[in-house]
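These notes are about the structure you will find just below.
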Amino acid sequence: MYIRKLYTLVFLRNDTHILLGLKKRGFGVNKWNGFGGKVEADETILDAALRELKEECCVTVDRDNLKNIGHLEFTFTGEPTLMDVRVFSATVFEGTPTETDEMSPKWFPYTEIPFEDMWPDDVIWFPYMLKDKLFFGKFHYKGYDTILNYNVEELESMQKFYHDKTK
Ligand SMILES: CNc1ncnc2c1ncn2[C@@H]1O[C@H](COP(=O)(O)OP(=O)(O)OP(=O)(O)O)[C@@H](O)[C@H]1O
């Protein structure tokens, strides 16, 4: 049994580029990633996603424009926590991505995503996101550099996935 902790991860995208942020502190420091963090006890997952995006790169998204596109689960050998990461994508947003204490944002062409400076799982599930497929990925790590085993599958619908999960 694991202790499940909820996280959000948001990607802004257009036809040719994706916005990533270089994490300046804390978990995943010096890695490029989407924007996100822990869901607080008093907020919904969607509210947490919008809040973290604003806090980390000063961009706001209308909640109707934030699409849940994937679900990731991370476990680490010897650790009791399961990181339950809800992945979102938006193409419509307000504001200019701006550096904050936590993140330094930069647009990358889809052909130049810096996977060597990202979490090792990203290169495995990004292709689903980039092809606009919904996905569910599970990764078991040893330390923070080595994936011992994983599985990624395409989903028909996030709503159906969450409905089936709670059965
Ligand atoms: C293991 N493989 C992984 N692959 C891809 N992304 C990963 C990840 N593991 C964590 N993430 C994301 O990294 C952020 C951490 O957030 P994190 O800094 O811990 O949260 P938060 O901003 O609440 O922290 P503090 O307020 O500083 O405590 C959060 O978006 C989360 O989804």
For this session: Find the relative contact order for region 13-167 and round it to a whole percent, using C-alpha pairs within less than 8 Å whose residues are 6+ positions apart.
Result: 24 percent
Seminar exercise, completed: Evaluated at 4 °C and 1.567 mPa s, the Stokes-Einstein D of region 87-167 based on the Kirkwood radius over Cα pairs, in µm²/s, stands at 84 µm²/s
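Using the membrane-span-like helix rule (whole DSSP H runs, Cα extent along the own axis of at least 24 Å, mean Kyte-Doolittle hydropathy at least 0.0), which helices of the chain qualify? Mind dumping the intermediate values first?
Values: long enough: none.
Span-like helices in the chain: none at all.
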Problem set entry | Helix-only [θ]222 nm of the chain, DSSP H runs n ≥ 4, -39500 (n - 2.57) each, per residue, nearest 500 | -5500 deg cm²/dmol
Exercise. For residue 7, which sequence-distant residues (separation of 5 or more, or a different chain) have an amide H within less than 5 Å of its own amide H, given hydrogens modelled in the peptide plane?
Worked result: 39, 84, 85, 86
Exercise. Which pairs, out of 31/160; 54/165; 24/54, put more than 24 Å between their alpha-carbon atoms?
Worked result: 31/160; 54/165
Seminar exercise, completed: Taking R0 as 30 Å and r as the Cβ-Cβ distance between residue 156 and residue 110, the FRET efficiency 1/(1 + (r/R0)^6), rounded to the nearest 0.05, comes to 0.80
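Can you pull the semi-axes for the chain, root of five times each eigenvalue of the Cα gyration tensor, sorted largest first, whole Å? Intermediate results must be reported in sequence, preceding the final value.
Working: eigenvalues 102, 70, 58 Å².
After diagonalising the Cα gyration tensor, the semi-axes are 23, 19, 17 Å.
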For this session: Find, among the chymotrypsin sites (Phe, Trp or Tyr not before Pro) in region 90-163, those assigned to loop by DSSP (not H, G, I, E, B) with at most 15 other beta-carbon atoms within 10 angstrom.
Result: 144
Problem set entry | Share of pairwise Cα separations in region 21-104, more than 18 Å, in percent | 46 percent
Exercise. Out of 23, 142, 54, any idea which swings most in a Gaussian network model of the chain, alpha carbons joined below 10 Å?
Worked result: 142
Exercise. Could you give the length gained on full extension between residue 146 and residue 98, defined as 0.36 nm per residue of separation minus the Cα-Cα distance, in nm?
Worked result: 14.1 nm
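Read-outs throughout are calculated quantities, based only on the coordinates presented, and are distinct from any laboratory measurement. All figures in this text were calculated on a predicted structure; none of them were measured in a lab. Using ideal geometry, Cβ is built from the backbone for each residue, glycine included, and neighbour counts are taken over all protein chains shown.
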